[in-house]
Amino acid sequence: MARDSQAALVALNRFGLGARGGASGDFVNAASDPRGFVKADLSRPNGVLLEMPGLQSTPALAQTVFAYQFEIVQARNAAAKSGTPAMEAAQAAPTDIAGKAAAMEATSANAAMAPTAPDAMQPDPPKPAPQPPNIIQKTYRTEALARLQRAMIADCGFTERLVVFWSNHFCISANKGGLARMWAGSFEREAIRPYVLGRFGDMLKAVEQHPAMLFFLDNQQSLGPESRAGQNRNRGLNENLAREIMELHTLGVGGGYSQDDVTSLARIITGWTFAGRQGQLGTPGTFVFNANAHQPGAQRLMGKIYENTGVSQGEAALAELARHPSTATFIATKFVRHFVADDPPPALVARLRDVFLKSDGDLKALATALVDSDEAWQAPMTKLRSPYEFLVATGRLLARIPEDPQRYLGGLNVLGQPLWSPAGPNGFPDTNAAWAAPEGMKLRLDISAQVASRIAESIDPRDLLELAAADAASIETRRTIERAESRQQALALLLMSPEFQRR
């Protein structure tokens with residue numbers, strides 16, 4: 001039974017999002033057939049999609065945010081003409097979408113989960129009335145809530161883990177500004193989820209042509225130097241998107257490309273943009289190919305010539321990059337590092353690399369090969385859950401489906417993994433060194449104590465330990481929980497136990 005329990009713990013923690021509390025029976029189901037429990041997620045491809053009331057398409061969100069921007073400009077222009085003082089004009093106009101929305105979101109969310117300081121001796125000064133959330137904040141919270149609710153109710157959570165992995169691999173940052181914050185959720189819903197169990201090449205194309213990625217890496221500003229637009233505006237290439245496609249999305253560092261290849265790819269994808277508010281190139285917020293901005297002529301990329309065939313020139317280049325052996329090695333290594341160990345077992349990496357190449361980038365086959373491997377089940381559970389995984393696992397174990405995302409958003413901010421907002425285009429780190437620092441673990445303990453203080457009296461932590469780990473729980477963990485001075489302390493210690501923190 002102990003062996004079955006250990007395999008169940010691997011199924012739920014390494015591959016999934018953790019056992020759910022209540023009467024879900026997750027641990028028993030996982031123990032009876034660990035591999036089958038995980039692979040059942042892969043047999044429900046439509047279950048990866050996220051379609052809920054209130055979630056809108058990228059073009060619909062674009063219409064809303066463009067109208068919001070226009071409203072801001074009108075309000076400021078009117079204030080300037082009337083001589084309204086700057087402070088009054090700022091209060092009258094909607095919140096600036098370029099960055100204040102993100103700052104306000106972080107501030108309010110942090111306040112929801114940040115550890116509280118002792119009350120000061122002096123009374124606090126009166127606080128100004130909080131501004132109601134603007135349309136960008138509302139949209140971000142709606143998208144966040146939908147993602148969190150799906151994570152809470154998922155059976156195993158393997159496909160949700162795959163979504164998070166690929167969303168981080170092809171990351172954007174909601175902190176880029178209003179458009180990025182508005183589109184962060186729809187980007188994941190439209191460019192990641194439909195392809196998580198499909199082909200890597202199809203996901204790559206969907207990602208690089210999505211308005212959120214084009215905006216995040218400034219490709220709408222990239223003009224072919226010899227294109228009509230480039231000559232008229234005296235502007236040239238922006239290589240951001242091309243560089244990240246090769247370095248972070250496909251080949252990886254040392255994958256066989258040169259700076260000349262980056263420049264060539266940047267030329268190839270000039271004209272890849274999205275339609276703006278006035279809709280001159282197409283429906284606002286949709287991908288469009290602007291021939292006037294495209295660099296004319298054939299381009300050489302990694303030894304192959306790509307003729308100027310318009311948008312298909314770039315699509316052909318992406319298809320070749322998706323099939324390149326360096327891409328297979330880069331993806332397989334990153335995949336194993338995420339799910340198994342910081343130092344990926346070379347034999348498992350080689351096996352997944354071969355699956356990726358032979359299947360033409362079939363991501364369901366890649367995930368299946370991982371679950372079928374012995375290494376993924378035998379490797380010690382040394383990986384530390386990321387902040388997102390920790391908070392979601394906590395909600396699942398306590399059987400709490402959130403109706404408001406603020407506590408989770410605040411916790412993610414405090415723990416250093418703000419939702420859809422990595423510090424750079426390389427995404428959040430995926431090794432223990434990033435999350436296991438003493439300060440980070442102390443913050444996890446603070447959050448665990450806060451959670452316990454709110455609900456500990458209504459549950460028995462010993463029962464939760466059975467749901468979370470059963471016979472896989474160590475004698476030390478059992479004794480620690482049993483000897484706790486209160487249910488509150490016991491629950492906090494459970495949430496900080498190796499069986500809960502490790503995967």
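Annotations
- Distance between modelled label sites at ARG483 and ALA423, nm, 7 Å Cα→Cβ extension: 3.9 nm
- For the peptides 137-149, 64-76, residues were scored by their other Cβ atoms within 10 Å and the scores averaged per peptide; the highest-first order is 137-149, 64-76.
- Amide hydrogen neighbours beyond the local backbone of ARG199, cut-off 5 Å, H modeled: LEU363
- Computed on the range 437-503, with alpha-carbon pairs under 8 angstrom and 6+ residues apart, the relative contact order is 43 percent.
- Charge dipole magnitude, Cβ of K and R +1, D and E -1 - the chain, Cα centre, debye nearest 20: 540 debye
- Normalised contact order of the range 152-231, rounded percent, pairs of Cα under 8 Å and 6 or more residues apart: 25 percent
- Per-residue 3J(HN,Hα) values for the range 275-292, derived from phi via the Karplus relation 6.51 cos²θ - 1.76 cosθ + 1.60 with θ = phi - 60°, read 6, x, 4, 7, x, 5, 9, x, 4, x, x, 10, 5, 9, 9, 9, 4, 5 Hz in sequence order (x marks Gly and Pro).
- The packing ranking of peptides 162-168, 206-212, highest mean first, is 206-212, 162-168, where packing means the average number of other beta carbon atoms within 10 angstrom of each residue.
- Three-way shape call for the range 266-308 based on the alpha-carbon gyration tensor, with the a/c threshold at 1.5: prolate
- The range 432-503 versus the range 158-181: alpha-carbon centroid distance in Å: 29 Å
- Ranked from largest, the principal axis spans of the Cα set of the range 362-433 equal 39, 34, 27 Å.
- Pairs with C-alpha atoms separated by more than 31 Å, drawn from the list LYS138/LYS205; LYS205/LYS358; LYS39/LYS442; LYS39/LYS176, are LYS39/LYS442; LYS39/LYS176.
- Our summary gives the chain a relative contact order of 22 percent, counting only alpha carbon pairs under 8 angstrom and 6 or more residues apart.
- Taking a ≥ b ≥ c as the square roots of the eigenvalues of the alpha-carbon gyration tensor, the range 376-503 is classed oblate because a/c is 1.5 or more while a/b is no larger than b/c.
- Here r is the Cβ-Cβ distance between SER458 and ALA229 and R0 is 60 Å; the resulting FRET efficiency, rounded to 0.05, is 0.45.
- Label zone at MET52, where the point sits 7 Å out along the Cα-to-Cβ direction: the range 393-428 residues whose backbone N lies under 12 Å: 401-406
- Gyration tensor verdict on the range 293-427 (Cα atoms; rounded if a/c is under 1.5, prolate if a/b is larger than b/c, oblate otherwise): oblate
- Remark: the range 226-241, residue by residue, has Karplus-estimated 3J(HN,Hα) of 9, 6, 4, 5, x, 6, 5, 9, 6, 10, x, 6, 10, 8, 4, 5 Hz, where x stands for each Gly or Pro and the curve is 6.51 cos²θ - 1.76 cosθ + 1.60 at θ = phi - 60°.
- Sorting the Cα pairs of the chain by distance into bins of 20 Å, from 0 upward, gives 21, 51, 25, 3 percent per bin.
- Amide H within-cut-off set for PHE274, under 5 Å, with H built and near neighbours excluded: VAL288
- Per-residue ellipticity at 222 nm, computed for the chain from helices alone with -39500 (n - 2.57) per DSSP H run of at least four residues, works out to -16000 deg cm²/dmol.
- Note on ALA23 and GLU476: with the Förster distance fixed at 30 Å, the Cβ-Cβ geometry gives a FRET efficiency of about 0.55.
- Gain upon complete extension [GLN74, ASP372; 0.36 nm per residue less C-alpha separation]: 101.4 nm
- Computed 3J(HN,Hα) for the range 8-14, one whole-Hz value per residue from the Karplus formula 6.51 cos²θ - 1.76 cosθ + 1.60 where θ = phi - 60°, is 5, 5, 5, 4, 7, 9, 6, glycine and proline marked x.
- Nitroxide proxy distance, nm - points 7 Å out along Cα→Cβ at ASP202 and GLN259: 3.9 nm
- Amide H within-cut-off set for LEU301, under 5 Å, with H built and near neighbours excluded: TYR306
Coordinate-derived values only; no laboratory data. Fair warning: this is a prediction, and the values are worked out from it, not measured in the lab. With ideal geometry, Cβ positions are generated from the backbone for all residues, glycine too; neighbour counts draw on all protein chains shown.
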